[in-house]
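The values are calculated or read from the model by the stated rules, or taken from the named source; none is laboratory data. Treat the numbers as computed from the prediction; the structure is a model and nothing was measured. Here the Cβ is made from the backbone with ideal geometry for all residues, glycine too, and neighbour counts use every protein chain on show. SASA here: full protein model, heavy atoms, side chains in, ligands and nucleic acids out. Shrake-Rupley method; radii C 1.70, N 1.55, O 1.52, S 1.80 Å.
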Amino acid sequence: MKKCVIIYNPHSGKLKKDYFLQTFYDILRKHGYETEVKYTKKKKDATEIVKKLEDVDLVISAGGDGTLNEVITGNLERKKRLILANLPMGTTNDVANMYGYTKNNYIKNLELLLEGVKKKIDVCFINETPFVYVACLGDYIDMAYSTPRSLKKKYGKIAYVIYGLKQLRNKINSYDVRYKIDGKSYEGRYSFFFITNASRVAGFDDVYYDIKLDDNKFEVAFCHVKNKAELMKIFFLVNNMDLKDVPGITYHQTNNLELEFLTGPKVSWCIDGEEYKSSKTKFTFKIDRDTRMMLPKENIVKLFEEKD
């Protein structure tokens, strides 16, 4: 019998009980897997668990986008990498929505991934830290990791709106930067920085209409806004058109970006919904291409170049 390990973050999303775990065992056994559940208790637990696993046939990340990031990070630090899968149980689940999972139907989602296909995905890095789908910086972006867990458990995604409204102020910080892409140098002043490998970010579907998860590229979008009125306009446009076509957005597609802040940013980066603290002013972005995942068949044709 094949061996599966579920890495379960019991703190992801709204408060849940473990009643569904027995159903998970039954479904996995039906698909030929003997299953063990390992619980996380604090940040980085999932990374350490994956690093120390013996060879198993499948590792399922049962949590939010941050848990998936930790699981992939641990896998990247192994000599022999394992096949991974994402079982969304978080609040926003941007990655899972992009992959084609249902909303909050854990049983159906487990069936979808077990009946899915193995695909290699590009995993991006900021300096030496991996991220699955987004690294971003700017005012209010801290909502992703600063919104109190108690609010998220009570209100779900609405919690981010409640917390964000309290943070709104008129002035928005901006930064002078130099950056290099594919050997070509640029300079500019920007308020927000998004490096992504995703079609969905922060709950916005189809931020980009045509992205691929195996094309050895990530998307770069910078924008400069002076106040919250301009920011709201950008949000409206992003919700109605491809981000790269929005006026005021500087867009690139690449697999290597060097970014230097001429004055240190006043806020932290956010990677996959979690805070990334750094005192550095220079950041390098690149790609690793050797992570295999089981994915639902729903959006495979849309999200991948390789047809296998």
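Annotations
- Its Cα centre serving as origin, region 1-148 has a Cβ charge dipole (Lys and Arg +1, Asp and Glu -1) of approximately 380 debye.
- Note on LYS2 and LYS184: with the Förster distance fixed at 45 Å, the Cβ-Cβ geometry gives a FRET efficiency of about 0.40.
- Paramagnetic label reach from LYS282 (point 7 Å along Cα→Cβ; backbone nitrogen cut-off under 14 Å): within region 124-142, residues 127-128.
- Extension gain for GLU306 to ARG292 (0.36 nm times residue separation, less C-alpha to C-alpha distance): 3.7 nm.
- Filter on LYS2/LYS42; LYS3/LYS43; LYS2/LYS118; LYS30/LYS80; LYS180/LYS282; LYS38/LYS277 - keep pairs with C-alpha separation over 20 Å: LYS2/LYS42; LYS3/LYS43; LYS30/LYS80; LYS38/LYS277
- Residue-normalised accessible area of the chain, given per residue in Å² at a 1.4 Å probe: 48 Å²
- In nm, spacing of pseudo-spin labels at LEU262 and ASP245 (7 Å Cα→C-beta vector): 3.3 nm
- Fraction of accessible area attributable to carbon and sulfur, region 1-135 (%, probe 1.4 Å): 48 percent
- Accessible area of region 171-308 belonging to carbon and sulfur atoms, whole % at 1.4 Å probe: 46 percent
- Answer label, with Cα extents along the principal axes in Å calculated from the coordinates and candidates [x] 76, 55, 33; [y] 89, 44, 34; [z] 57, 43, 36: [z]
- DSSP-defined beta bridges in the chain - what % are antiparallel, rounded to 5: 70 percent
- Using every pair of separate Cα atoms, the Kirkwood estimate puts the hydrodynamic radius of region 1-101 at 13.7 angstrom.
- This model, with +1 at the C-beta of Lys and Arg and -1 at the C-beta of Asp and Glu, gives the chain a dipole about its Cα centre of some 980 debye.
- Gained length - GLU111 relative to LYS171, 0.36 nm times residue gap less alpha-carbon distance: 16.9 nm
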